[in-house]
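These notes are about the structure you will find just below.
The values are calculated or read from the model by the stated rules, or taken from the named source; none is laboratory data. Keep in mind the model is a prediction, meaning the values are calculated, not measured. No Cβ is skipped: glycine too gets one built from the backbone with ideal geometry, and neighbour counts run over all protein chains shown. Accessible surface areas use protein heavy atoms only, side chains included; no ligands, DNA or RNA. Shrake-Rupley method; radii C 1.70, N 1.55, O 1.52, S 1.80 Å.
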Amino acid sequence: MTPKNKVRLLFFFLAALAVCSDALAQTTPGNPLNIDLADMAQQAVSPARISTTMTLMFLLTALSLAPAILVMTTSFTRIIVVFGFLRQALATQQSPPNQVLIGLALFLTAAIMLPTYERANREGLQPYIRGELSAQQSWDRGIEPLREFMFKQTDAKSLALFLKIGKLGRPKSPDDVPTTVLIPAYIVSELRIAFQIGFIIYIPFLIIDMVVASTLMAMGMMMLPPVFVSLPFKIIMFVLADGWYLVVESLVRSFN
């Protein structure tokens, strides 16, 4: 583009900008571009608009936290922690990979939690969709099956700890325990049970490591890492005992 054409284009742009400015400056009643900034500011700070904005903000926050809430209130925590202990006991590094373990844990969680969520859907969500319950009533009925599931897996010691932290008195019934107290107590109980299961899983593999290390020392092969020799024995023992079947079966039964 030549300098002369550039100058012409610049003048054309300035002229168009001037025309648009004149159009926006007009305040005739029939002008659709008439914008009252004061009215817009007044509407933005109105109670109804603020309430809608806050509701939308809380909804987006709840949706962003939904995966973590679902993980922390289901059987996923115990399952994935036990799988982590199992992989460390086998000393197979990244085999099975994290994606496989997380996928298996998610499907097991879905199988274990299916009756609970079916009941929550039947008693809480579907009546709300049909207009038979209000939002609060739907929430109370829908969360009750999940609370019953968590109460069955939560020990009294963990529950008493968080009641003490929250400075709450001794509850007369499970209904008196807030959900905000029940969830952390449930998570601590799940971690305790998962570590107990992990310790039991570790014992046979630890025995193999000790036997192999003692044998190598007796043979004077101290420069050879025991893990290289014990790994095949641990894998073959795990396969012959059908270890994955036993671990999965034990995890599922631990929630019954």
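With respect to the conditions (1) surrounded by fewer than 14 Cβ atoms within 10 Å (Cβ to Cβ); (2) closer than 22 Å to residue 80 by Cα; (3) of a type in the set (D, E, K, R), residue 176 lacks only one, and its number is (2).
Looking only at helices (runs of 4 or more DSSP H) that lie completely in the range 127-236, which have at least 1 residues being touching a residue at least 40 places away in the same chain (Cβ under 8 Å) and at negative phi? It comes to 135-153, 179-218. Can you find a residue in the range 185-197 that is aliphatic (A, V, I, L, M) and either farther than 17 Å from residue 80 by Cβ or in contact with a strand residue (DSSP E or B) (Cβ under 7 Å, 6 or more places away or on another chain) (or both)? The answer is yes, given that some residue of the range 185-197 is aliphatic (A, V, I, L, M) and either farther than 17 Å from residue 80 by Cβ or in contact with a strand residue (DSSP E or B) (Cβ under 7 Å, 6 or more places away or on another chain) (or both). Scanning the range 151-169 for residues that are under 19 Å from residue 189 (Cβ atoms), surrounded by fewer than 19 Cβ atoms within 10 Å (Cβ to Cβ) and out of contact with any Ser or Thr (no Cβ under 9 Å at 6 or more places or on another chain) yields 151, 152, 156, 160, 161, 164, 165, 168.
Once the range 127-150 is narrowed to residues that are under 24 Å from the mean Cα position of the chain (by Cα) and open to solvent by 50 Å² or more (accessible area, probe 1.4 Å), the residue that is modelled with the lowest pLDDT is 135. Screening residue 255 against (1) under 31 Å from the mean Cα position of the chain (by Cα); (2) assigned to a helix (DSSP H, G or I); (3) not polar (S, T, N, Q) leaves a single unmet condition, (2).
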